[in-house]
């Protein structure tokens, strides 16, 4: 029982969403100074003072002077941040896009309340209860506010369906809807499997193990683990994932801080993929928990890390509740890979400069040429189990560098992305041609092999872009043609087959 209690305490301490009540404040000079300043403002200022707002501004300003990941969060911000990691939300269970000022269902979540009632891809949600949901003021956030709600509550929606003269009315009882963290699981060839993880949440390990079991049943001997763009999540989930690749008693990560004694996490016996060849894909969007995985398998020479330098976040946060339900997410420790490196990059120039780093990497040429990489604290040299040189202090450096595809970064293409023109065009195309596409391409494999994006589609996209305020640029369109066609085809496959396995 003592060991179980200790494990429970450590899990809470290391979990990035751990909750703890602060100890009573000691009345010292600092707290006296702050409360006295508030008192004078409340009693002497020329106008009415909103003490709650002032206190929030003071807390945010105070934390901004620390590291970029120590932040204040309102109760709503807490809920929004926790939801993707908890693995579910409560709502009606549809994926949607706002297309031409109308909410269009992309897919109904399998076995969710909407699917059970017969709501299908292509349906247009015109009204929720008594509120019309069409027009230029409709945003994703507004729609989610109307459709999401507590499990067991009811909402009435009116749907316009192609081929139906009248609106269809549905009374939906909201339920828990899963948020998947594994985007894709499939075989690349007869011996190589591929799994893409988008975050480290509560359900990630079950999804990963189910996918790995399926791939092994298909003869998988080698695995490509894709952590590109994975911004992190639960520390314990990253530890559990590493454990699947390592033999017994291998260090995975350790954490340490001024008020947090050193805590080591080691692998246990019985990982699901301890022996096969492993490649881990990372890029500049891979952060935190995904860097723990990349650093661990690299330090133990268990995998080859391929891609571009990762984000560089090596800090552990715990969440401390405040009396009104808000919270401070405070950095309590640094984490270190098995070789002893902390991959946290410098934030000495402030929060704004810290988050502009990715833009600087692109301008400096780092994303296209490995010789342009300048890692903070590059004098911090460490060695893997096999005596390979690795560095700390600036993200995980890949073993093999893959430059960013510059055809995806033309100004014209970026505008098509930012205005969601490509996504909207693909959804409209599927909506108009769904029956024919399903007849011609009954499976996703046949679609991948045979579907082609022709010049007529590209011209239609350019015209749609002009309507969205994007001037036509034939030079950029030619440069980005392959990227545009790839994205267009991928979105169609996703909508048509309700699958992200195409990507």
Would you mind ranking 253, 293 so that the residue whose beta carbon has the fewest other beta carbons within 10 Å leads the list? 253, 293
Compactness summary of the range 361-424: radius of gyration and Dmax from Cα atoms, Å, are 16.7, 51
Kirkwood Rh for the range 408-497 from C-alpha pairs, in Å, is 13.4
What is the antiparallel percent of DSSP beta bridges lying wholly in the chain, to the nearest 5? 75
For the range 306-425, calculate the relative contact order in percent as a whole number, restricting contacts to Cα pairs under 8 Å that are 6 or more residues apart. 29
If I histogram all Cα-Cα distances within the chain using bins 10 Å wide from 0, what percent of pairs lands in each bin? 3, 15, 24, 26, 20, 9, 2, 0
Over the chain, calculate the relative contact order: mean separation of alpha carbon pairs under 8 Å at least 6 apart, over the residue count, as a percent. 13
What nm distance separates the two modelled labels at residue 86 and residue 433, each placed 7 Å from Cα along Cα→Cβ? 4.1
Full-extension gain in nm, residue 481 to residue 455, via 0.36 nm per residue minus C-alpha separation: 8.4 nm
If R₀ is 41 angstrom, what is the calculated FRET efficiency for the pair residue 381 and residue 259, using the beta carbon separation as r and rounding to 0.05? 0.90
The range 182-404: spread of alpha-carbon positions along the three principal axes, whole Å, largest first, is 50, 47, 33
Report the antiparallel proportion of the DSSP beta bridges in the range 182-404 as a percent, rounded to a multiple of 5. 60
Counting only DSSP beta bridges fully inside the range 275-363, the antiparallel percentage to nearest 5 is 65
What whole-number value in cubic angstrom gives the convex hull volume per residue for the C-alpha atoms of the range 282-433? 186
What Kirkwood Rh does the range 162-212 have if only Cα atoms enter the pairwise 1/r average? Answer in Å. 14.2
Span from the the range 242-258 Cα centroid across to the the range 270-339 one, whole angstrom: 11
With a bin width of 10 angstrom, please list the P(r) values of the range 88-178 as percents of all Cα-Cα pairs, from the 0 bin to the one holding the largest distance. 18, 57, 24, 1
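Over the range 408-497, what relative contact order in percent results from Cα pairs under 8 Å that are six or more residues apart?
Result for the range 408-497 is 55 percent.
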With R₀ set to 41 angstrom, the calculated FRET efficiency between the beta-carbons of residue 54 and residue 132, to the nearest 0.05, is 0.55
Fewest first, what order do 76, 334 take by the number of other Cβ atoms within 10 Å? 76, 334
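Rule-based calculations on the coordinates, nothing more; no lab input. Every value quoted in this text rests on a predicted model; they were computed, and no experiment measured them. Quick reminder, even Gly has a Cβ in these numbers, built from the backbone with ideal geometry, and neighbours come from all protein chains shown.
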